[in-house]
1. Relative to the compact-globule scaling 2.2 N^0.38 Å, provide the ratio for the alpha-carbon radius of gyration of the stretch B:336-410.
2. Do you know the relative contact order of chain A, to the nearest whole percent, from alpha carbon pairs under 8 angstrom that are 6+ apart?
3. Within a 10 angstrom radius of each residue's Cβ in B:41-50, how many Cβ atoms of other chains show up on average? Whole number is fine.
4. Towards the positive end of the charge dipole of the protein assembly as shown, with charges on Cβ (+1 Lys, Arg; -1 Asp, Glu), say which of A:Ile254, B:Met358, B:Leu371 has the farthest Cα.
5. For B:Met461 and B:Gln388 in one chain, what is 0.36 nm times their gap in residues minus the Cα-Cα distance, to one decimal in nm?
6. How big is the charge dipole of the protein assembly as shown about its Cα centre, in debye rounded to the nearest 20, if each Lys and Arg gets +1 on its Cβ and each Asp and Glu gets -1 on its Cβ?
7. Place +1 on the Cβ of every Lys and Arg and -1 on the Cβ of every Asp and Glu in the protein assembly as shown, take the dipole about the Cα centre, and give the residue among B:Ala221, B:Met304, B:Gly77 whose Cα lies farthest towards its positive end.
8. Largest first and in whole Å, give the semi-axes of chain B's equivalent ellipsoid, each being the square root of 5 times a Cα gyration tensor eigenvalue.
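The values are calculated or read from the model by the stated rules, or taken from the named source; none is laboratory data. What you see is a predicted model; the values in this text were computed from it and never measured. We place every Cβ from the backbone using ideal geometry, glycine too, and count neighbours over all the protein chains shown. These area figures cover heavy atoms from the full protein model, side chains too; ligands, DNA and RNA do not enter into them. Shrake-Rupley method; radii C 1.70, N 1.55, O 1.52, S 1.80 Å.
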Amino acid sequence: MSGDLGKYLEQIDKCSHCEFCQATCPSFREELVETLLARSRLLLIKACLIDRELTPSPRFRDIVDGCLMCGRCVEACPARIPVDEVVAAARGELNKGKFCHELRRRALTRFMANRGPDRMIAFAFAIAEKMGLWPPGIPQPVSAPVTGKLSGVVKSRGQERGRVVYYIGCAANSLDPVTARDVVQVFTENGIEVMVPPDLVCCGLPALAEGDLEEARGAVVRNLEILGGLDAEAIITDCSSCGMMLKVKSLSLIPAGHPLRATAEAVSGKVWEATEYLNGVGLSRKPGGLEVVYTYHEPCHRSFSPTMKDAPRALLASLPGSRFSELADPGQCCGAGGTFFLEHRDLSGRIRAKKLEDIKSTGAEVVISQCPACRAYLAAALPGKELLHPLSLLARAYGFRGGG
Amino acid sequence: MAKNKNIARDLFRLLNADKVLAEPEDRLCYAADATRYFAQRSPDAVVLPETTEDVSRVMKYAFARTIPVTPRGAGSGLSGGCTPIKGGIVLDMKRMNRIVEINLTNLVAQVEPGVVLAHFQRAVEKEKLFYPPDPQSMDVCTLGGNIATRAGGPRGVKYGATGNYVLGLEVVLPDGSVINTGGTCVKHSVGYDLTHLLTGSEGTLGVITRANLRLLPLPPARKTMVAVCETPEQAASLVTEIISQGAVPARLEFLLKSGIGLMNVYLANRLPMTGEAYLLMEIDGLPAQVREESGRIAAICAGMKVLETRVVEDDKEAESYWRARQNLNPILQAIFKRVISEDITVPRDKIPQLVQAMHEISVSLGIPLGLAGHAGDGNIHPTVLLAQVNEETEKKAAQAVERIIRTGLKLGGAISGEHGIGLHKSEFIELELGRTQIEVMKSIKKAIDPKGIMNPGKIWMEEAGL
């Protein structure tokens, strides 16, 4: 992948206007305006930035920025056009040389290297909250990441069945350390040794979403240099979006001919979302009883692995005492879109409202999902309900509470 | 440009601001349907009505100023039918998307036109009811668009197309007045059948704002089967054989090897590439009936010595074949520079001749011709595929299209089974209907739409007026 939009011209031209993306595109489904549809974004990006038939206007900027980058259109697209990548490249093009973007980019660079906010960014977040710029109920990332505490090797309990490297997502790292601890607990309980390498950086997806491909590539390279040298059967992550980045998008960023291409391919082949990996190898320790009614929200970034969305259902089906209550539309976006909701509060809020109704009608007290952004964003509007990673629910069934 | 600004300004006064779009970006996105090449110009404004009252207001305004109005559903049509070639206003009906009622006793539903077909089907299936019409864009296409084009799909063979399910309509006429045609009863013999005049009128007579649709009880069992045939001729004969022996599958699709190759990408359990043609079938009904009928069809297949008959037991797997089938046309559009989907339909017993004729056309013009479609009801879609678009290939494509159309008519068929005429087939409509019939249609058009503002430029050729 390069910043050059022209590279995508052939792909853009494959769009036949079949309109099948109307079935999944969350911004379209909410507004029912065809301009805010995946195929329209392709059409307008071509008209404004490639053919230059239209001048990029504020309306055009809104349309490009109004994409949640969920990638659901790619799933619905018979031609599998990578609309998300085209939108990212367009954002990169639009952001070039913009002062505001430069500020954001610098903050992002620091955030990514740190895998969480450093003191200055934390300060900026605090100001934003005071000024009412931060949505209520959404926790702010803390600057004492959990990686430092978990780094190293945690031996398995009982007979060792395998060894994995655990890539802790930035969200678990600085927002939700309980999830990271639960993942380690559940794996080691099941005879799998967990290694948490120090010095990894953010997966790079936030930079990619901004269209900052160089920054994203830098993060991928840094992580590959570390992950490529480790001896493990699998690399697991608690975050579906990190999974997508490590498994799929990294290969677009490290094209054939790049010195790290072979490493990227090897690493990509080992990446699993933690629930899916555990479901694949099976549980060796039987979970105890857990009286709970729960439902499952499928994260948008799920198509990198076709069985990822089935894994939580399958793995937790054996929890004695629990009852699973399926959502009417489990795959529909919740509106979070990573950090999309911070800047599009109205649209995100309306998308979320439908999800909330769906969740409430299931009667579930716990909602599980492998995406930390979805969990935080839904939790803010669901007082009295808990939003958990699937493995956190399993951790409870093993008797660990709140990160053991 | 001034015209665009004026219309937009007036509409903003007439309706809430969030129901009107008039930026150049928005207008560009409403210029085309799923046949990109028919897009000629952007509309001057797009209106997103939420009530019949909204539609009526817009029509009164447009009527007074003689501004063209083009209603639009999902925009997934394949005939250029909803392209605003004269500019004016596009009425995007997707926000009128309420299912007003599903009446379990009367087996009737009342819907607004923007309801997405698949959403409607899921809603009625929850009540153990069934709405069969299944155009392949069902995940996005709207009931209003379906009614306006008499859309259909694979289930046509047993259940017919949309036209068979429309009992009554609420319609806003070009001058803004509102009429209710038909009703909710299965029997209705009062005056001219305006319900079925409006059904299939492609937005040229009025705007459908509500519809009463007939429902059936949901068949409790279904089974999918695939027959791998040695030749297209064998598959075609198999179709006639199955039907003549009294078995009526719910869906009966004819596919060529090339189509199967593309579908295989989406299938976990891929189909063997040993055949030259394939029949994809679904049998539905009571469990015993499904067992009996699928057994009978398997026996017919065996009797005709097809290469393989696959009976799909798993529901999820069965679904994957139909989903892959749904993707076939769009995937062709992604591979080829231009795809012209023809829509002829012939009496079922003429399928073998049709298949043979299509092969001859393809060979004699040296142009690839896809062939996939609803063989069970005679509606096979010959698809002209252009890898390059230039003067020579366009000329050949035009020749192919004309020969396909003439073949369909010669075999006693129709030039369109389920897509409608739109812009795509207006040059051929006279071949089928003849001058007199077109004159009758035009006088009806003139009586209902005297100013010719409803979706102008569609169905018949421009120079013929209106």
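1. Relative to the rule-of-thumb radius for its length, the stretch B:336-410 sits at 1.04.
2. 16
3. Whole-number average of other-chain Cβ neighbours for B:41-50 is 1.
4. Positive-end residue among those listed: A:Ile254.
5. Length gained, B:Met461 through B:Gln388: 23.5 nm.
6. The dipole of the protein assembly as shown has a size of about 1120 debye.
7. The listed residue farthest towards the positive side: B:Gly77.
8. Taking √(5λ) for each eigenvalue gives 38, 26, 20 Å, largest first.
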